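Undergrad: My structure is below; once you've seen it, I'll send some questions.
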Amino acid sequence: MTQQKIQIKISGMHCAACAQIIEKALLKAEGVTEARVNLTTETAYVEYDDEKTSEEKLKEIIKNTGYDVTE
């Protein structure tokens, strides 16, 4: 198991509920051990096992909740 920590920039959030929706979706993903979304900085901080998921999959989860990932 190799733990990775990443930051993902997100656009389209308007309130704390938006951040909670993304956090909950990320925490449901296999391999994610921690997920925090900061509305002010529009950033998700995610810790995950790279043998069970990938940065690309995490970005796809965010997109599937209706928000955009910015590079």
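What follows is calculated from the coordinates using simple rules that are stated; it is not laboratory data. From a predicted model like this one, the values you see are computed outputs, not experimental measurements. A quick note on method: Cβ atoms are made from the backbone with ideal geometry, for glycine too, and the neighbour counts reach across all protein chains shown.
Undergrad: With the requirement that a residue be closer than 14 Å to residue 60 by Cβ and in contact with a strand residue (DSSP E or B) (Cβ under 9 Å, 6 or more places away or on another chain), what does the stretch 7-46 give you? Please lay out each step first, then the result.
TA: Residues of the stretch 7-46 closer than 14 Å to residue 60 by Cβ: 8, 10, 22, 25-26, 28-32, 44, 46.
Across the stretch 7-46, the qualifying residues are 8, 10, 22, 25, 26, 29, 30, 31, 32, 44, 46.
Undergrad: Just name the residue that is surrounded by the fewest Cβ atoms within 10 Å (Cβ to Cβ) out of those in the stretch 12-71 that are in contact (Cβ under 8 Å) with a residue 40 or more places away in the chain and of a type in the set (Ser, Thr, Tyr).
TA: 70
Undergrad: I'm trying to understand the selection: among the residues of the stretch 14-56, which are closer than 17 Å to residue 2 by Cα, in contact with a Phe, Trp or Tyr (Cβ under 8 Å, 6 or more places away or on another chain) and not acidic (Asp, Glu)?
TA: Selection gives 29, 31, 32, 33, 35.
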